[in-house]
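To start, the structure under review is shown below, and the notes come after it.
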Amino acid sequence: MNNRKKGTEFEDMAAKYITEHGYNILERNYNGRFGEIDIIAKDGDTICFCEVKYRRDNGCGRALEAVGYSKQKKIISVARYYLMKHGLDEWTPCRFDVIAVDDDEVTVLKNAFEGSQ
């Protein structure tokens, strides 16, 4: 199975998991000017910009550890672009979540990083 197909499979698992936990998915694989966000969803009144990470084993670290500073900056830039394109201001409640798939276990780290970088 190629990497894109694998990525889609794990994003599907993540989307199913967060939907079952009350999120409402707004967008999948949102492409903005500065990159892509895997899932954009609402959790109550909060817009969640979600990065999905998968690790087959922990030899290279856990999936939750895979969103480094440069990736965070890129996600923040795309999120700002999304908010602007949808007429939402800086007072719109939002957060950045990382959804980790380690083997078949899904974990959501809410507020994984701050958006003020």
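Points to keep in mind about this one:
- The stretch 30-44, subset at pLDDT below 95 and assigned to a loop (DSSP other than H, G, I, E, B), residue surrounded by the fewest Cβ atoms within 10 Å (Cβ to Cβ): 33
- Residue match in the stretch 14-29 (condition: open to solvent by 40 Å² or more (accessible area, probe 1.4 Å) and at pLDDT below 95): no
- The set of residues from the stretch 79-92 being farther than 21 Å from residue 67 by Cβ and either open to solvent by 30 Å² or more (accessible area, probe 1.4 Å) or modelled with pLDDT of 95 or more (or both) comprises 84, 85, 86, 87, 88, 89, 90, 91.
- Qualifying residues in the stretch 45-71 (those that are in contact with an Asp or Glu (Cβ under 9 Å, 6 or more places away or on another chain) and among the charged types (D, E, K, R)) - the one modelled with the highest pLDDT: 51
The values are calculated or read from the model by the stated rules, or taken from the named source; none is laboratory data. Treat the numbers as computed from the prediction; the structure is a model and nothing was measured. As a convention, Cβ positions derive from the backbone with ideal geometry for all residues, glycine included, and neighbour counts pool all protein chains shown. These area figures cover heavy atoms from the full protein model, side chains too; ligands, DNA and RNA do not enter into them. Shrake-Rupley method; radii C 1.70, N 1.55, O 1.52, S 1.80 Å.
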